[in-house]
Amino acid sequence: MPTILITDAHRDPGLALATHYANDDWEVIAVNRAPLPPAAFVALGANVRELRFDPLSEASVRDVALRLRGRPIDVAILTGETAGEPGRPAEAVDPDHWRDLMLVNAWAPFRLIALLEDNLKAGAQKVVAMLSDPEAYLADYGTPRDYAYRASKASLHQLWRTLDMEFRAWGGVCPLLAPADAAEIAARVAAATPDEAARARL
Amino acid sequence: MSSILISGATRGIGLELARQFGADGWDVIGTARDPGAAGALRDTGAEVLPLEATDAASIAGLARALDGRPLDVVIANAGISGDLTARAAQVTREDFLQVVGTNTFAPLALVSALKPNLLAGTRRLACAMSSLMSSVTLNDWGTQFSYRASKSGLNAVWRSLSLDWKTNRIACVLLRPGFVATEMTGGQGMPVADSVAGLKTVVEGLGPDDTGRLIGFDGKDLPW
């Protein structure tokens, strides 16, 4: 039975992905900021294992990696993010809010995957997909502001691209995927290739 | 006389920018973390003001020192490289936060604090020093996680700022100095004077329609 790790599986789109893969007989490791809703936990059945995760905490990231030591992971899909403050002007950007968005949206997913490299190496499919936001694609910018959110997403894209360069030495593929329904995302993950991951555009 | 403020002007590209703009008759203000150790900058004829780029109080102090003084151009040049050789698992949270704080957040904080000065100037150019490493599209060899992420984030910030400040007719432009022989590159690369001569030509030719661009020292745009 293949294994998939999904972050923020307590809510959509992570929950929809967890449901999709559990129904398809995958073992699901749900790495969540908040508990799965009870009904969802029951519906996902015995194939789900839930781990709590605080993306602002280095200790929490390390704890997840420690708990999963030695366990092969075939696919990881990272969905977690924190929204920005679209209306805040440049002169009023708050450094603490900026730091938290950088940690949650860019650093935490990167750090988690970096610490799980051995698990992913031991997996069969070796796909590390990041769900992200078309707003991070700079050429498409049409509206101003939301500085911290956009910076965090642009940084994330670059980290993921750089991760893809490093992981391909052992066959890892790190695509960035635009939001879609769970079946579509699963299809893209199943078809993920180094060439696809090499395309910077979502 | 046109005026320009350059952050991180005590060495490398920042110092050469001060030298070349000053030699061409510009009124140059260069910032230094330690003005007492900014002899080379002072020798260019530049006015030296203190600035710790990541410190909000220091930025506020600079803005107070320049209160009411028009600035035609601000170049947010101060930056750090962080650990350029770390593999993914070796990148530390401290390194990441320090690099993105200096290279991504600090330039926004600087030009935001100096917006009244830019509005009082005639050219109204807010520039930031980006890098080839900022381009996701051109990243086909990896490495330099924190540095790359910081410069990609900077691009996003400046791109957003260019839209935000369009109504103020402040052009927000990203500059790419190229691979320059500085302390950051271990002395490898093109002579800093050549890169800066190109950057100076680019900056002098900028206008409102250039806002939101990422332009190299050679005048060519880079893909995001």
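The values are calculated or read from the model by the stated rules, or taken from the named source; none is laboratory data. Because the structure is a prediction, the values reported are computed rather than measured. As a convention, Cβ positions derive from the backbone with ideal geometry for all residues, glycine included, and neighbour counts pool all protein chains shown.
A few comments on the model shown:
- Of the residues screened, B:Ala106 is one that is buried (at least 24 other Cβ atoms within 10 Å of the Cβ), over 30 Å from A:Ala169 (Cα atoms) and within 10 Å of another protein chain (Cβ to nearest Cβ).
- When residues of the stretch B:153-170 are limited to those that are within 8 Å of chain A (Cβ to nearest Cβ) and free of Cβ contacts under 8 Å to residues at least 24 places away in the same chain, the one farthest from A:Pro95 (Cα to Cα): B:Asp164
- Scanning the stretch A:81-128 for residues that are part of a loop (DSSP other than H, G, I, E, B) and at the interface with another protein chain (Cβ under 9 Å from one of its Cβ atoms) turns up A:Pro89, A:Val93.
- Elements of type strands (runs of 3 or more DSSP E) contained in the stretch A:1-74, each with 3 or more residues being of a type in the set (D, E, K, R) and touching a residue at least 12 places away in the same chain (Cβ under 8 Å): A:48-52
- Listed here are the helices (runs of 4 or more DSSP H) enclosed by the stretch B:1-66 that have at least 1 residues being under 20 Å from B:Phe217 (Cα atoms) and modelled with pLDDT under 95: B:12-23.
- Against the numbered list (1) free of Cβ contacts under 8 Å to residues at least 60 places away in the same chain; (2) crowded, with 21+ Cβ neighbours inside 10 Å, A:Gly142 comes up short only at (2).
- Within the stretch B:156-200, the set of residues being of a type in the set (A, V, I, L, M, F, W, C), in a helix (DSSP H, G or I) and surrounded by 15 or more Cβ atoms within 10 Å (Cβ to Cβ) comprises B:Ala156, B:Val157, B:Trp158, B:Leu161, B:Leu163, B:Val192, B:Val196, B:Leu199.
- Out of B:Val100, B:Val74, sole residue that is part of a helix (DSSP H, G or I), among the hydrophobic types (A, V, I, L, M, F, W, C) and within 14 Å of chain A (Cβ to nearest Cβ): B:Val100
- Candidate set from the stretch B:109-142 (those that are within 9 Å of chain A (Cβ to nearest Cβ) and farther than 21 Å from B:Trp224 by Cα); member that is nearest to the chain's Cα centre (by Cα): B:Val111
- Conditions (1) over 19 Å from B:Ile6 (Cβ atoms); (2) touching a residue at least 24 places away in the same chain (Cβ under 8 Å); (3) within 14 Å of another protein chain (Cβ to nearest Cβ); (4) of a type in the set (Gly, Ala, Ser); number of the one not met by B:Gly207: (3)
- Test: residue in the stretch B:86-95 that is of a type in the set (Ser, Thr, Tyr) and under 19 Å from the mean Cα position of the chain (by Cα): no
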